[in-house]
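Heads up: the structure comes next, in structure tokens.
A short reminder: the numbers here are calculations on the coordinates, not readings from a lab. Since this is a predicted model, take the numbers as computed values, not measurements. Positions of Cβ are generated from backbone atoms using ideal geometry, with glycine treated the same way; all protein chains shown enter the neighbour counts.
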Amino acid sequence: MNEYKAWRHVFKLDPNKKIDDDALEQLCESGTDAVIVGGTDGVTLDNTLQLLSRIRQYAVDCALEISAIDAVTPGFDYYFIPTVLNADHPDWIVGMHHEAIKEFGKTLNWDEVVMEGYCVLNPASKVASLTGADTALDSEDVTAYAMMAERMFHFPVFYLEYSGIYGELEMVQAVKKTLTCAQLFYGGGIDSVAKAEEMARAADTVIVGNVIYQDLKTALKTVKAVKKVMHKAKQ
Ligand code: 1GP
């Protein structure tokens, strides 16, 4: 199993969306570093387990991004726990977490748990409306959240979440410059090779979601695009 720190390209699969076996095989065998199972609504234990067992036919790393406590199940390589730093209610920052830890804290394998400091930036996204995220943020606001995530809370991951729209490159670059050790996840609106390449140059890890369900061929092409950029950066 790869350490998640080495992940450069990730597909995010929503248990509440249909994906056929052939498409799933192509995604899992695409050379992506990992598949994250996660969604904003309609995530249940049943659809999570079904997707997990289908993904487990392949060797790809698989993580659960927890959005519903009832849908948590053993069997994933990692459990990503988001805390939405710009949410308007403590439930999304610490509230649900407190409930979950009361229930599972003593039995959790903490080596598999990865905290993500989220900053949600698309006001029209489901996650923004659910969490009441304040998305009217400028670069200073967002980089301050990045600093808080990394230096105050010591979260290993800062997630710039534009879910549904392509983000501002300058914003991603400013955040990357601010972070010294936290891993920068970028997600949102990657629906072309060019966008995948651009964000691969700016962020540590590129998360590809929606396009999987709209244009599988293009989704698959983003793997190579991201890997090519990351490979060049290493040279
Ligand atoms: C969603 O960040 C991911 O949580 C990916 O975003 O669905 O817009 O690709 P898209």
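Assuming PHE185 fulfils every condition listed in (1) over 15 Å from the mean Cα position of the chain (by Cα); (2) within 14 Å of the ligand (Cβ to nearest atom) apart from one, which condition is it? Among (1) over 15 Å from the mean Cα position of the chain (by Cα); (2) within 14 Å of the ligand (Cβ to nearest atom), PHE185 violates only (1). In the stretch 183-205, the residues that are more than 12 Å from LEU169 (Cα to Cα) reach residues that are more than 14 Å from the ligand (Cβ to nearest atom) and of a type in the set (Phe, Trp, Tyr) with C-beta atoms within less than 9 angstrom, at least six apart or across chains, in these pairs: GLN183/TYR4; THR205/TYR4.
Within the stretch 209-235, residues that are farther than 9 Å from ALA196 by Cβ and touching a residue at least 60 places away in the same chain (Cβ under 8 Å) have Cβ atoms under 7 Å from residues that are among the small types (Gly, Ala, Ser) and surrounded by fewer than 17 Cβ atoms within 10 Å (Cβ to Cβ) in these pairs: LEU216/ALA23; LYS227/GLY31, counting only partners at least 6 apart in sequence or on another chain. Restricted to helices (runs of 4 or more DSSP H) entirely inside the stretch 3-121, those with at least 1 residues that are of a type outside the set (Val, Ile, Thr) and surrounded by 21 or more Cβ atoms within 10 Å (Cβ to Cβ) are 21-28, 45-55. If I filter the stretch 155-164 for residues that are near the ligand (Cβ under 8 Å from one of its atoms), among the β-branched types (Val, Ile, Thr) and within 23 Å of ASP134 (Cα to Cα), do I get at least one hit? For the stretch 155-164, residues near the ligand (Cβ under 8 Å from one of its atoms), among the β-branched types (Val, Ile, Thr) and within 23 Å of ASP134 (Cα to Cα): absent.
Of the residues in the stretch 122-145, how many are among the aliphatic types (A, V, I, L, M) and exposed (fewer than 14 other Cβ atoms within 10 Å of the Cβ)?
Step one: filter the stretch 122-145 for residues among the aliphatic types (A, V, I, L, M), giving 124, 127-128, 130, 133, 136-137, 142, 144.
If we keep only those that are exposed (fewer than 14 other Cβ atoms within 10 Å of the Cβ) as well, we get 124, 136.
Matching residues across the stretch 122-145 total 2.
Scanning the stretch 123-142 for residues that are under 15 Å from the mean Cα position of the chain (by Cα) and in a loop (DSSP other than H, G, I, E, B) yields a single hit, SER125.
When GLU161 is tested against (1) touching a helix residue (DSSP H, G or I) at 6+ places or on another chain (Cβ under 7 Å); (2) in contact (Cβ under 8 Å) with a residue 60 or more places away in the chain; (3) under 29 Å from ALA68 (Cβ atoms); (4) not hydroxyl-bearing (Ser, Thr, Tyr), just one condition goes unmet, and that condition is (2).
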